[in-house]
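First the structure, in the form of structure tokens, and then the observations on it.
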Amino acid sequence: MTTRTRVTLGRREDLGADCANCFGLCCVALAFTRSVDFPVDKDAGDPCGNLDPADGCTIHPRLRAEGFRGCTVFDCSGAGQKVSRHTFAGRSWQDDTATRDAMFAVFPVVRRLHELLRYLDEAITITRDQHAATELTQRFDRVRDLSDADPGTLLDVDVDAEYDAARPLLLTASRHARVGAADDRGSADRAGDDRGSVDRARDDRRIGRVRVGPGADLLGVDLRRADLRGASLRGALLIGADLTGADLRRCECIGADLRDTDLSGADLRGAVYLTQMQVNAARGDARTRLDDGFQRPSHWAG
């Protein structure tokens, strides 16, 4: 078994954005559309008008005030510095057309691979099954090797296939993490082996008349002070939902859309597969409880 990079909630240097070592790739390679998140349209490959010659942002302290809310939410998962300093060994997209085209094509691939690495690393930590941990570690090593590859190899990577291969392992690890929360809620007897316990981490539940579960449409719903310990919000739509004071400990958050979700006073300690980008997209305050390693967004109240 090879030695893997330890990652703490995606905020370590390898899987967290390090803009000082990036050539401003997110400001050039990606497109954005005039919306509540951006005040202008920009095509992929065109430098943002706020990018300075040193690859810095001229309005970084005022991004939200200037209408660039999307920039304050985005997190590249460390792909920016990986592509800039490792994949292209310090060559900038400004050096020549070939480097520019290849770099912009590789950047989103590495970003998705790094996102998968972050999920796999957490899954290794939370699983209760040694065989599953071994499989997860092997999968982690494979994806890490892919992310370290040369540009030509990266462009041939089937990233969707890598996610498909990892998905069953990630879901099993999630159930291992969430079963303790299900027991805490008194939903089942604690007796039995781990396999039986995992079955108690049910994906669906009802909070009043609201169904909470994978893919649930919870747009703007009122879940204030709801007990969501151990629930699965996998892929759920929570835009504008009110989760003020909700208990989200050991709640599965992979793929959940938390844009403008009110997490004021909510408890997200141990939330499974929660990312910094999801936290950035939500609203919160000084009472919102997060695990160590997360950065509290500057736009949160208090």
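The values are calculated or read from the model by the stated rules, or taken from the named source; none is laboratory data. Every value quoted in this text rests on a predicted model; they were computed, and no experiment measured them. Cβ placement follows ideal geometry from the backbone for every residue including glycine, while neighbour counts extend to all protein chains displayed. Surface accessibility is based on the protein's heavy atoms, side chains included, excluding ligands, DNA and RNA. Shrake-Rupley method; radii C 1.70, N 1.55, O 1.52, S 1.80 Å.
In this rough spin-label picture, where each label sits 7 Å from Cα along the Cβ direction, the Ala301-Ala20 distance is 3.4 nm.
Solvent-accessible surface of protein heavy atoms, probed at 1.4 angstrom with all chains present, puts Thr275, Thr33 in the order Thr33, Thr275, largest first. Counting heavy atoms of the protein chains alone, Ile239 has an accessible area of about 50 Å² for a 1.4 Å probe. Highest mobility in the GNM of the chain, judged by mean-square fluctuation with C-alpha springs under 10 Å and restricted to Val272, Val36, Val159, is found for Val36. Applying a 4.7 Å Cβ-Cβ cutoff to the chain, the cysteines left without a disulfide-compatible partner are Cys19, Cys22, Cys26, Cys57, Cys71, Cys76, Cys251, Cys253. In the complete set of protein chains, residue-level accessible area for Leu30 is approximately 50 Å², probe 1.4 angstrom. When the chain is described by a simple charge dipole with +1 on each Lys and Arg Cβ and -1 on each Asp and Glu Cβ, the residue from Trp300, His176, Ser264 located farthest towards its positive end is Ser264. Along the axis of the charge dipole computed for the range 198-296 (Cβ charges of +1 for Lys and Arg, -1 for Asp and Glu, origin at the Cα centre), the listed residues Leu219, Thr244, Gly208 are led at the positive end by Gly208. Placing +1 on each Lys and Arg Cβ and -1 on each Asp and Glu Cβ, with no other charges, gives the chain a dipole about its Cα centre of roughly 1120 debye.
Of all the options Arg34, Arg144, Arg167, the one that moves most in a Gaussian network model of the chain with Cα springs shorter than 10 angstrom is Arg34. Averaging the sequence gap over all C-alpha pairs within less than 8 Å and six or more residues apart, then dividing by the number of residues, gives the range 222-302 a relative contact order of 25 percent. Using the alpha-carbon centroid of each, what span in Å lies between the range 244-294 and the range 41-58? Here the two parts' Cα centres lie 30 Å apart.
Against the set (1) 17.1; (2) 18.8; (3) 16.0, the structure's computed mean projected area of the Cα convex hull in nm² falls on (3). Since only Ser77, Thr87, Leu30 are under comparison, the one whose Cα sits farthest along the positive direction of the charge dipole of the range 9-120, derived from C-beta charges on Lys, Arg, Asp and Glu, is Ser77. For the range 54-146, give the percent of accessible area contributed by carbon and sulfur heavy atoms, probe 1.4 Å, rounded to a whole number. Using a 1.4 Å probe with all protein chains present, the range 54-146 comes out at 49 percent carbon and sulfur. Highest GNM mean-square fluctuation among Ala166, Ala44, Ala17, for the chain modelled with Cα contacts below 10 Å: Ala44.
Quick one: accessible area per residue over the chain, 1.4 Å probe, rounded to a whole number of Å²?
In whole numbers, the chain has 47 Å² accessible per residue.
Counting only heavy atoms of the protein chains and using a 1.4 Å probe, Arg128 has close to 110 Å² of accessible surface.
Here's how it looks for Val272: its modeled amide H is under 5 Å from those of Arg250, Cys251, Glu252, Cys253, which are all 5 or more places away or on a different chain. Each of Glu252, Glu135 has its accessible area taken with a 1.4 Å probe; listed largest first, they run Glu135, Glu252.
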